[in-house]
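Report on the structure given below.
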Amino acid sequence: MSDRFPDGFIFGAATSSYQIEGAVDADGRGESIWDRFCATPGKVVGSESGAVACDHYHRYAQDVEMMAELGLKAYRFSLAWPRILPTGLEAEPLEAGLDFYDRLVDALLEKGITPWATLYHWDMPQVLQDRGGWPARSTVDAFVRFADVASKRLGDRVKHWITHNEPWVVTMLGYLNGEHAPGHKDWGEALAAAHHVLLSHGLAVPVIRENAPGCEVGITLNLCPAWPASGSAADAEASRWFDGWFNRWFLDPVFGRGYPADMLADYRRDGHLPADWDALVQPGDMDAIAVPTDFLGINFYSRGIIRSDKVSEEDNAPRTVFPVEEHTDMDWEVFAPSLTKLLLDLTETYNPPALVITENGAAYATSPGEDGTVPDVKRQAYLQQHIEACRLAITGGAPLIGYFAWSLMDNFEWAFGYAKRFGLVWVDYETQARTPKDSALWYRDVITAHGIP
Ligand code: IFM
């Protein structure tokens, strides 16, 4: 009994629009930055794209049936901005796009599955990027309008909203290291983008609340706890910087602490801030970003073992923290205790009203056996360890209210294309057949038992 989760704890699974919907030209959908990025040679492994993906746009009804068979209590999906506002600038939204999400939401509710809608999971209309993208303040207004249109239409039925998925990825992979759309490499752009993403979150929250009475709203951050590789001062300093860049730059402002002073000083010293930073952060912005929310969404995959690159290996203290052997196909270390520690640390530092694991999962190559089953022992082990890590955190006092496995089904893993399979459900991309993997059947049992069986 003690292994059971608290009553009301939510077990679900997550996806995102560009990764599963396909149908990029259907019913007037506009071009997104990911359509453009995928069409640019050299950006995505094998020049793959989300053009067809899992064809969920046409197969959503069957997919919802499958979710019901797996016993999911909640489903987290995202709304494709260019399906609703093809250029982001239209006076009137595209009815066909809104109709699709109407149908999806109704199908979920009919099966007793609670919809959790994410507004921005990276598919910005290309036209908005052409006008400056997230580094431009005008994109904040465009996003708030999108939030308004979407929550006005769906807010009578969707009572759980997430403004943004993983601002760190949007800004640091999109505008700093160029691995994600739009593929830019500029510190100033990345930090301007981060400010505008956060501001758009803050300004969208009251709009969503207004349109979806009684709803719960939050933002999802991907967090990567920094574990110093040794007890040296150099590794402690490298960990401080990594934590500031990856985690605190987003956590601190959302929880009303403003941008971390140490990082602001570092960025200023290193010339990373955009030239107009002091004017770019306008009076009132930080208060808007600190709008109270109902929960913090956390996407957790792995920890970071941080080694200084400022001193040579010989001059640094010997390493005392080593990665465990198990790594996923993304080469991410599998170390679940770090999740418990993260949840407890967040609770202590920020006192959040609630925490939700909005993504957690592992990429492992699997394929159907002769008997039609899809054995995937490693994914099951990963999920089991991390669900147990969540339970331990709850026991320790973390206000964790839900867990969403990433992902419901195999899908388009951004710059890695289709080779990385994160799904609970196997997708045959030739036939679009879906087959629950063994981990999905195991997860169904977890949901039934309301804990690890
Ligand atoms: O597939 C992504 C998802 O879109 C955002 N979070 C991480 C996942 C795995 O990389």
Legend entry - Scattering profile of the chain at q = 0.06, 0.08 Å⁻¹ [log10 I(q)/I(0), Debye over alpha-carbon scatterers]: -0.24, -0.43
Legend entry - Cα gyration tensor shape of segment 15-156, rounded if a/c is under 1.5, else prolate or oblate by comparing a/b with b/c: oblate
Legend entry - Measure of compaction for segment 19-83 (Cα Rg per 2.2 N^0.38 Å): 1.28
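How many percent of Cα pairs in segment 197-247 exceed 13 Å? Could you put the intermediate results ahead of the total?
Working: 858 of 1275 pairs.
More than 13 Å apart: 67 percent of the Cα pairs in segment 197-247.
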Inset, instruction - For segment 337-408, take the alpha-carbon Rg, divide it by the Kirkwood Rh, and send me Rg/Rh. - result: 1.11
Inset, instruction - For segment 314-453, state what percent of all Cα-Cα pairs lands in each successive 10 Å bin, counting from 0 Å until the bin that includes the largest distance. - result: 11, 36, 32, 16, 5, 1
Legend entry - Average projection area in nm² (convex hull over Cα atoms of segment 154-269, one quarter of hull surface): 8.6
Inset, instruction - With a cut-off of 16 Å, note down the residues of segment 10-24 whose backbone N falls inside the zone around a label point 7 Å from the Cα of Gln62 toward its beta carbon. - result: 20-23
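Can you tell me the equivalent ellipsoid semi-axes for segment 234-313? Use √(5λ) from the Cα gyration tensor, largest first, whole Å. Let's see the in-between values first.
On the way: eigenvalues 132, 77, 14 Å².
Its equivalent ellipsoid spans semi-axes of 26, 20, 8 Å.
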Legend entry - Over segment 53-93, equivalent-ellipsoid semi-axes from the Cα gyration tensor in Å: 28, 11, 7
Legend entry - Cα-derived Rg to Rh of segment 125-194, Kirkwood definition: 1.05
Legend entry - Length-normalised contact order for the chain - Cα pairs under 8 Å, 6+ apart - percent: 17
Inset, instruction - Any chance you could list P(r) for segment 280-337, counting all Cα-Cα pairs in 10 angstrom bins from zero, rounded to whole %? - result: 15, 26, 23, 24, 12
Inset, instruction - Please turn the phi angles of segment 12-24 into ³J(HN,Hα) values with the Karplus equation 6.51 cos²θ - 1.76 cosθ + 1.60 (θ = phi - 60°), one per residue in order, whole Hz, x for glycine and proline. - result: x, 9, 10, 8, 9, 4, 5, 6, 10, 5, x, 6, 5
Inset, instruction - At 20 °C and 1.002 mPa s, grab the translational diffusion coefficient of segment 371-453 from Stokes-Einstein with a Kirkwood Rh over Cα pairs, rounded to a whole number in µm² per second. - result: 154
Inset, instruction - Arrange the peptides 143-156, 366-379, 92-105 so that the one whose residues have, on average, the most other Cβ atoms within 10 Å appears first. - result: 143-156, 92-105, 366-379
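Summing Lys, Arg as +1 and Asp, Glu as -1, what charge do residues with Cβ under 13 Å from the Cβ of Thr171 carry, Thr171 excluded? Working shown, then result.
Numbers: positive: Lys185; negative: Glu166, Glu179, Asp186, Glu189.
The answer is -3.
Normalised radius of gyration for segment 251-377, please: alpha carbon Rg relative to 2.2 N^0.38 Å, two decimal places.
On the way: Rg = 20.4 Å, N = 127, 2.2 N^0.38 = 13.9 Å.
So segment 251-377 has a normalised radius of gyration of 1.47.
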Legend entry - Under the Karplus curve 6.51 cos²θ - 1.76 cosθ + 1.60, θ = phi - 60°, whole-Hz ³J(HN,Hα) for segment 237-248, x wherever Gly or Pro sits: 5, 5, 5, 4, 5, 4, 4, x, 5, 8, 9, 5
Legend entry - Debye equation applied to the C-alpha atoms of segment 1-49, log10 I(q)/I(0) at 0.16, 0.29 Å⁻¹: -0.60, -1.15
Inset, instruction - Nearest 5 is fine: what % of DSSP beta bridges in segment 310-453 come out antiparallel, could you say? - result: 55
Inset, instruction - Round to the nearest 0.05 the FRET efficiency obtained for Asp278 and Ala449 when R0 = 56 Å and r is the Cβ-Cβ distance. - result: 0.55
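Any chance you could run the full-extension gain for Ser367 through Asp309? It's 0.36 nm times the residue separation minus the Cα-Cα distance, nm to one decimal. Please list the in-between numbers first.
Values: separation 58, 0.36 × 58 = 20.88 nm, distance 3.99 nm.
Net length gain for the segment: 16.9 nm.
Sorting check: for 184-192, 409-417, 345-353, which peptide has the highest mean count of neighbouring beta carbons within 10 Å, and how do the rest follow? Show your work: numbers first, answer last.
Working: 184-192: 19.2, 409-417: 22.1, 345-353: 15.7.
Most protected by this proxy first, the peptides run 409-417, 184-192, 345-353.
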Inset, instruction - Quick one: which residues, 5 or more positions from Lys420 or on another chain, have an amide H under 5 Å from its amide H? H modelled 1.01 Å from N in the peptide plane, none for Pro or chain starts. - result: Glu413
Inset, instruction - Report, in whole Å, the centroid distance computed from the Cα atoms of segment 156-180 and segment 371-400. - result: 24
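If the viscosity is 1.567 mPa s and the temperature 4 °C, what translational diffusion coefficient in µm²/s does Stokes-Einstein give for segment 118-164 when Rh comes from Kirkwood over Cα pairs?
Values: Rh = 11.4 Å.
The Stokes-Einstein estimate is 114 µm²/s.
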Legend entry - Label-reachable residues, segment 46-65, where backbone N falls under 18 Å from a point 7 Å from Ala26's Cα toward its Cβ: 49-65
Inset, instruction - Pop out the ³J(HN,Hα) list for segment 66-74 in order, Karplus 6.51 cos²θ - 1.76 cosθ + 1.60 with θ = phi - 60°, rounded to Hz; leave Gly and Pro as x. - result: 5, 4, 5, 5, 7, x, 4, 8, 8
Legend entry - Distance (nanometres) between label positions extended 7 Å along Cα→Cβ at Ala91 and Val377: 6.4
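Once the Cβ-Cβ distance between Arg4 and Glu69 is put in as r, and R0 is 22 Å, what FRET efficiency do you end up with, to the nearest 0.05? Spell out each step's value before the answer.
On the way: r = 23 Å, r/R0 = 1.03.
For Arg4 and Glu69, the calculated efficiency is 0.45.
A short reminder: the numbers here are calculations on the coordinates, not readings from a lab. The structure displayed is predicted, hence computed values, not measured ones. Note: ideal-geometry Cβ built from the backbone for every residue, glycine included; neighbour counts use all protein chains shown.
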